[in-house]
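Each remark here refers to the structure printed beneath this line.
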């Protein structure tokens with residue numbers, strides 16, 4: 001599905017507004033939209049709302065063999081998923097230009113700046129290291145995906161706890177969270193990306209462009225910094241001509257914005273930690289705005305169960321008799337080939353036929369009982385699963401119904417020339 | 001098999017928020033206990049020529065797992081949700097157009113498929129798409145002692161002998177879709193359906209309440 | 001037999017990783033006397049050698065060596081849109097770039113010459129650089145293809161590609177606002193190092209790649225990895241711009257020489 005194109009009027013209007021230093025949502029040139037950071041129920045899950053832009057990051061860990069060139073370093077993997085939910089223009093499973101750009105920028109911002117101590121992720125050198133995987137899902141695209149993604153990713157990494165590992169000799173034990181408290185990752189610094197949009201060949205500059213503004217911009221400059229005023233990555237994109245002075249000015253603005261955002265992230269992490277310690281319920285369910293008209297919550301409700309048994313029995317009773325079941329299906333042991341459906345042969349074995357008829361009459365009348373019996377038999381048959389294979393064909397057959405042994409043994413052994421092992425269930 | 005403690009037969013707390021995303025034509029998040037799913041709907045919109053159907057709209061359901069890329073598990077759940085939606089949506093009103101429903105798992109703590117179904121229904125309602133009836137999803141588990149548990153958590157699902165998810169319509173409480181796992185008897189199946197039908201009333205009541213609340217200022 | 005080969009291969013890998021570690025830990029990138037690993041001074045560029053018009057069938061082509069990094073650039077166009085017509089722009093030409101690395105260009109043989117995330121990104125960056133520099137508005141509804149291949153890689157792949165492609169675009173006779181010159185700059189011991197080679201790049205230096213239109217001092221692309229304090233940014237950009245201007249002089253010379261040769265050949 002294609003994105004709705006922007007009309008010329010809209011384009012002109014937006015550009016005119018930017019020239020007059022006005023923005024659609026009433027912000028000033030250097031203002032960020034309202035940012036909200038919430039956490040999911042489990043560790044390493046973080047939602048970031050930047051105005052209407054919404055992203056989710058989830059961190060997960062896995063034990064893998066390290067790369068041969070770096071035997072004692074853990075592996076970081078980043079993946080930004082442009083879900084079609086965020087914008088109809090995003091297609092699932094396709095590597096678009098935007099997705100490559102965002103993925104590489106996030107990699108550069110978080111991996112190349114070495115913000116995570118990868119050596120502490122090593123369990124056994126050259127054999128087992130932790131792979132930390134960060135999945136960032138775009139849920140709603142209203143511009144500035146990169147900043148939202150970088151904030152979500154670093155916050156999720158800070159929030160994440162990996163399982164503790166014990167090493168005794170050659171044995172590596174991974175402890176569940178109940179056994180030992182999971183441990184956080186060691187994070188040196190928090191790089192945060194700040195985006196600047198340029199308009200009219202670089203004459204006008206806006207921080208945190210929204211989707212409409214992104215559509216009319218000439219180019220974008222992304223600067224990732226940490227609160228120590230260290231630049232972790234710079235990337236310009238789009239066909240713009242920058243001047244050195246502009247880059248310097250942007251870096252100064254970025255440093256201010258980054259310190260504000262870092263503050264917000266630490267506060268959010270702190271709050272979550274407190275809530276978890278106090279044993280309060282936390283997570284997405286709790287962060288749902290209650291006061292909004294569009295939201296509603298209902299407490300745990302019991303389901304009326306009183307007449308369920310009767311209802312079910314009624315239905316079973318009133319239902320048409322189930323299709324004729326084969327009275328004694330021959331169930332081959334799993335993994336054994338067999339020709340045909342395993343229906344009994346009717347070649348002149350009259351006593352057997354009579355037995356069947358009798359049974360059918362019974363089963364028609366009392367379905368309930370039959371069901372229970374089947375259940376019992378199932379249990380029995382489970383026990384009978386273990387069949388010893390011996391040389392004699394007679395002994396291969398396991399009969400679950402002892403009364404009819406005499407009748408059937410002869411028949412079955414003839415019937416089954418080729419099938420190796422079979423087991424019979426008898427009604 | 002015959003006795004079930006009433007403790008297992010309850011629905012966890014419910015939550016729902018509609019139109020929380022600005023881009024999709026309809027969106028909703030549905031929360032059942034800790035399980036939560038976000039759904040977005042786009043459409044009716046232009047359809048790719050290869051997917052065009054001449055007499056009705058093409059419905060596409062995409063499910064995004066939380067970690068990693070969609071796999072066979074997601075595909076099968078997509079199928080379940082799509083068939084349910086196709087049964088209740090009046091697709092013939094929008095021939096040669098596309099409807100896209102995207103489901104994003106936010107947290108899985110059991111009963112994921114039923115939560116997805118509920119989120120999907122809320123999102124479709126929010127998008128204002130014509131439907132012949134509403135639908136909801138209920139998951140029942142039968143534990144090793146034969147008790148029926150409705151809306152099980154992940155831990156309960158793991159312990160259970162059989163797991164069944166039904167989609168139930170709002171008009172006659174009929175079963176639109178069922179997805180089962182594990183072994184159970186006919187009687188147990190009927191009991192679970194009966195439980196789900198009575199549970200569905202609660203969910204439909206919840207649908208009604210949340211929609212009434214949502215439109216309380218306009219009505 | 002298979003085992004032996006395998007263990008040998010692993011040995012080789014281990015050796016190379018040791019080498020890299022050595023760089024990080026001990027090898028000083030800038031000696032006390034102010035000389036770098038390969039004997040250059042801090043602001044000295046590698047030797048640039050270039051030829052234009054290396055292919056007859058292409059509209060424009062160029063071969064460029066910068067030290068041990070070698071690149072080949074070919075330009076086709078402007079021609080009518082090919083492939084998906086939906087990308088057609090009614091007011092300007094579309095630039096299509098493809099970056100690839102020869103499988104034999106690096107010490108370890110590369111499996112895929114193009115198509116991975118890094119190459120795709122590089123193609124994007126090249127496209128962006130030339131969109132800024134080429135006067136695309138002169139060719140509405142048309143397309144310009146730029147193909148660049150790295151034959152040997154020894155650091156500064158992006159900048160070598162840009163420089164080679166600039167010559168190829170000029171050879172194709174497509175008007176540009178100015179030469180686009182690119183250069184990488186590193187930062188060691190408070191000193192900017194111009195035009196990094198592979199050993200320096202992998203030695204954990206914070207590096208900055210910059211594509212410049214030298215006459216106006218406009219930056220067509222700016223990219224930086226690794227940590228650097230904000231206060232040093234200005235000196236680094238300054239150094240990169242000077243280095244780019246140095247490159248532009250060389251390129252200008254190459255172009256003039258090529259024109260002279262061809263005019264002599266055509267007897268004018």
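Quick rundown of the values:
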{"quantity": "Qualifying residue in segment C:222-230 (condition: farther than 19 Å from residue C:148 by Cα and loosely packed, with under 15 Cβ neighbours inside 10 Å)", "calculated": "yes"}
{"quantity": "The listed residue being in contact (Cβ under 8 Å) with a residue 60 or more places away in the chain and over 20 Å from the mean Cα position of the chain (by Cα), out of A:142, A:135, A:170", "calculated": "A:142"}
{"quantity": "Residues located in segment B:7-46, provided they are at pLDDT 90 or above, more than 21 Å from residue A:294 (Cβ to Cβ) and more than 8 Å from chain A (Cβ to nearest Cβ)", "calculated": "B:44"}
{"quantity": "Complete set of residues in segment A:247-272 that are facing chain C (nearest Cβ under 9 Å) and either surrounded by fewer than 20 Cβ atoms within 10 Å (Cβ to Cβ) or over 19 Å from residue C:129 (Cβ atoms) (or both)", "calculated": "A:248, A:251, A:252, A:254, A:255"}
{"quantity": "Flag for residue C:134 being in contact with a helix residue (DSSP H, G or I) (Cβ under 8 Å, 6 or more places away or on another chain) and under 15 Å from residue C:62 (Cα atoms)", "calculated": "no"}
{"quantity": "Considering residues of segment A:310-332 that are surrounded by fewer than 17 Cβ atoms within 10 Å (Cβ to Cβ) and within 8 Å of chain B (Cβ to nearest Cβ) only, the residue modelled with the lowest pLDDT", "calculated": "A:322"}
{"quantity": "Total residues in segment A:74-97, condition buried (at least 18 other Cβ atoms within 10 Å of the Cβ) and away from chain B (no Cβ under 14 Å)", "calculated": "3"}
{"quantity": "Of residues in segment B:174-188 being part of a helix (DSSP H, G or I) and buried (at least 20 other Cβ atoms within 10 Å of the Cβ), the one farthest from the other protein chains (Cβ to nearest Cβ)", "calculated": "B:188"}
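Residues are listed down the side, and each one gets a yes or a no for (1) surrounded by fewer than 18 Cβ atoms within 10 Å (Cβ to Cβ); (2) at pLDDT 90 or above; (3) over 21 Å from the mean Cα position of the chain (by Cα):
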| position | (1), (2), (3) |
| --- | --- |
| C:58 | no, yes, no |
| C:69 | no, yes, no |
| C:85 | yes, no, yes |
| C:97 | no, yes, no |
| C:100 | no, yes, no |
| C:107 | yes, no, no |
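The values are calculated or read from the model by the stated rules, or taken from the named source; none is laboratory data. The structure presented is a predicted model; accordingly, all values stated were derived computationally and were not measured. Counting neighbours? That spans all protein chains shown, and the Cβs are built from the backbone with ideal geometry, glycine included.
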